[in-house]
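Trainee: The following block contains the structure, expressed as structure tokens.
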Amino acid sequence: MPARSHPQVSKAKAAQIVTLKGEGCHHEYIAKKAHIVVSTVLHVIQCYKKYHILSPVPCSGCPSSITPQIQRHIICNILQNCFNTYAEVAARIPSVTAKTVQKVAHEAGYRHCVVLTKPYLKPEIIVQQVEWAEENTGHDWNTAIWCNETSTRAGEPSGWIMVTCQPHKAYLPECLVSSYHSGRDSLMAWGAIAHGVKGPIVILETSQKTTTATRQKQGGDLNAKGYTNQVISRPLKEFWQQLTKEQGHDMFIVEDGAPLHKGRAAQKAQDELGMKHLLHPPNSPDLNPIEPIWHILKKHVAKVPGYCKNCKSLQAAIKTACDSIDVGEINKHTSKMDAHVKAVKAAHGRHTHF
């Protein structure tokens with residue numbers, strides 16, 4: 001085959017040229033419509049007549065040194081070591097560069113990207129998530145009040161962990177990094193939402209932080225009694241009563257399985273008020289639409305000048321950020337609960353794209 005001597009065009013443009021030629025158009029007209037020169041039009045038509053292809057004609061000369069066997073070897077290495085860089089994969093394969101690994105990976109649909117962080121799911125939690133999906137199929141989510149806490153932690157991660165995988169496999173266990181509870185300093189806030197309603201947000205007073213003789217940090221958290229006094233007895237009670245009256249039907253509280261929610265004091269206070277609950281599997285933030293709202297809130301907080309100067313500035317920034325979130329943003333997530341249920345079923349209780 002002849003060596004390339006004409007500008008290359010895409011398959012789509014080549015198809016346009018061939019189609020116009022088939023309709024009897026002149027070369028000059030085709031060149032004007034395709035925004036190319038006449039010689040390129042002639043070259044594309046000639047190649048199509050001779051080789052019956054729309055893609056560029058292969059160059060003459062030495063064939064590619066990347067054989068199908070090497071390509072399979074590269075992909076196999078990527079699958080076995082998906083957290084490695086392209087350079088680390090190339091180092092294990094003779095005569096292969098990082099650029100070659102990247103090219104082969106991209107052609108096979110793999111991308112090296114920041115790894116997603118999701119809570120670790122124990123086998124029993126996976127079972128509970130499947131049960132949750134079965135029980136909530138067809139549920140009326142307009143009766144739910146989603147509650148949860150969030151913390152603004154001091155310090156930022158030192159870097160990103162990268163993973164090479166196909167985009168649709170980013171949520172599989174082998175492509176994730178598990179997150180665990182952290183004991184770092186933080187400011188804790190509680191909030192609640194319902195479909196069509198933005199609830200209150202409260203900065204919580206946590207226990208005093210201390211350091212033991214062995215330099216272990218203690219405190220800085222909230223127990224069931226503190227949760228009862230600061231949340232249930234006022235903001236949650238008022239929000240629940242308000243929605244129950246406005247909606248004209250029972251509103252169900254959705255909380256995770258944190259000790260402060262399941263403690264005796266919290267359970268007793270909610271029972272006395274007559275609050276009812278919806279099942280929520282433990283360690284499953286993906287099933288609570290308030291989680292993406294917290295993410296949005298933190299992004300807005302980070303845009304407030306001087307938000308991290310001190311605790312008072314951070315509290316003011318949280319209030320400003322909360323005021324900037326409208327009901328439409330909340331509805332965008334609360335309206336997806338049926339999709340959550342379907343996704344959990346499809347993933348057999350494992351992580352979903354939410």
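The values are calculated or read from the model by the stated rules, or taken from the named source; none is laboratory data. This one's a predicted model, so the numbers in the text were calculated from it and none came from an experiment. In this analysis, Cβ positions are derived from the backbone assuming ideal geometry, glycine residues included, and neighbour counts consider all displayed protein chains.
Trainee: Restricting to the stretch 282-294, give me the number of residues that are more than 12 Å from Ser324 (Cα to Cα), modelled with pLDDT of 90 or more and assigned to a helix (DSSP H, G or I).
Mentor: At the first step, the residues of the stretch 282-294 found to be more than 12 Å from Ser324 (Cα to Cα) are 282-292, 294.
After this cut, where a residue has to be modelled with pLDDT of 90 or more as well, the list is 287-292, 294.
Still in the running and assigned to a helix (DSSP H, G or I): 287, 290-292, 294.
Of the residues in the stretch 282-294, 5 are more than 12 Å from Ser324 (Cα to Cα), modelled with pLDDT of 90 or more and assigned to a helix (DSSP H, G or I).
Trainee: Which numbered condition trips up Leu297, out of (1) closer than 29 Å to Lys342 by Cα; (2) part of a helix (DSSP H, G or I); (3) in contact with a strand residue (DSSP E or B) (Cβ under 7 Å, 6 or more places away or on another chain)?
Mentor: That leaves (3) as the condition not met.
Trainee: Now for a different question. Looking at the stretch 242-281, which of its residues are buried (at least 16 other Cβ atoms within 10 Å of the Cβ) and assigned to a helix (DSSP H, G or I)? Break it down stepwise before answering.
Mentor: Keep residues of the stretch 242-281 that are buried (at least 16 other Cβ atoms within 10 Å of the Cβ), which gives 243-244, 251-256, 258, 260-261, 263, 265-267, 269-270, 275, 278, 280-281.
Within the stretch 242-281, Leu243, Thr244, Leu260, His261, Ala265, Ala266, Gln267, Ala269, Gln270 meet the criteria.
Matching residues to (1) farther than 18 Å from Gln166 by Cα; (2) part of a loop (DSSP other than H, G, I, E, B); (3) not charged (D, E, K, R):
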position	(1), (2), (3)
Ile93	yes, yes, yes
Val96	yes, yes, yes
Val104	no, no, yes
Gly109	no, yes, yes
His112	no, no, yes
Glu124	yes, no, no
Trp132	yes, no, yes
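Trainee: If you don't mind, there's one more thing I want to ask. Under 6 Å by Cβ, and 6 or more places apart or on different chains, what pairs join a residue from the stretch 25-54 that is under 14 Å from Ala12 (Cα atoms) and assigned by TED's automatic domain parsing to the domain that holds Lys11 with one that is at pLDDT below 85 and exposed (fewer than 13 other Cβ atoms within 10 Å of the Cβ)?
Mentor: If the second residue must be at pLDDT below 85 and exposed (fewer than 13 other Cβ atoms within 10 Å of the Cβ), the pairs left are Leu54/Lys11.
Trainee: Could you please let me know if Pro305 is assigned by TED's automatic domain parsing to the domain that holds Arg234, out of contact with any strand residue (DSSP E or B) (no Cβ under 6 Å at 6 or more places or on another chain), part of a loop (DSSP other than H, G, I, E, B) and closer than 22 Å to Gly138 by Cα?
Mentor: Working: assigned by TED's automatic domain parsing to the domain that holds Arg234: yes; out of contact with any strand residue (DSSP E or B) (no Cβ under 6 Å at 6 or more places or on another chain): yes; part of a loop (DSSP other than H, G, I, E, B): yes; closer than 22 Å to Gly138 by Cα: no.
No: the conditions fail for Pro305.
Trainee: Say we look at the stretch 247-263 and pick out the residues that are modelled with pLDDT of 95 or more and not aromatic (Phe, Trp, Tyr); which of these is nearest to His195 (Cα to Cα)? Walk me through how you get there before you give the answer.
Mentor: Just the residues of the stretch 247-263 that are modelled with pLDDT of 95 or more, to begin with: 251-254.
Restricting the remaining residues to those that are not aromatic (Phe, Trp, Tyr) gives 251, 253-254.
On the way: Met251: 11, Ile253: 13, Val254: 13 Å.
Among them, the one singled out is Met251.
Trainee: Exactly one of (1) modelled with pLDDT under 80; (2) surrounded by fewer than 17 Cβ atoms within 10 Å (Cβ to Cβ); (3) assigned to a loop (DSSP other than H, G, I, E, B) is unmet by Val177. Its number?
Mentor: (3)
Condition check ((1) under 23 Å from Ala170 (Cα atoms); (2) of a type in the set (D, E, K, R); (3) in the same structural domain as Cys147 (by TED's automatic domain parsing)) across all residues:
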| position | (1), (2), (3) |
| --- | --- |
| Leu243 | no, no, yes |
| Asp326 | no, yes, yes |
| Glu329 | no, yes, yes |
| Met337 | yes, no, yes |
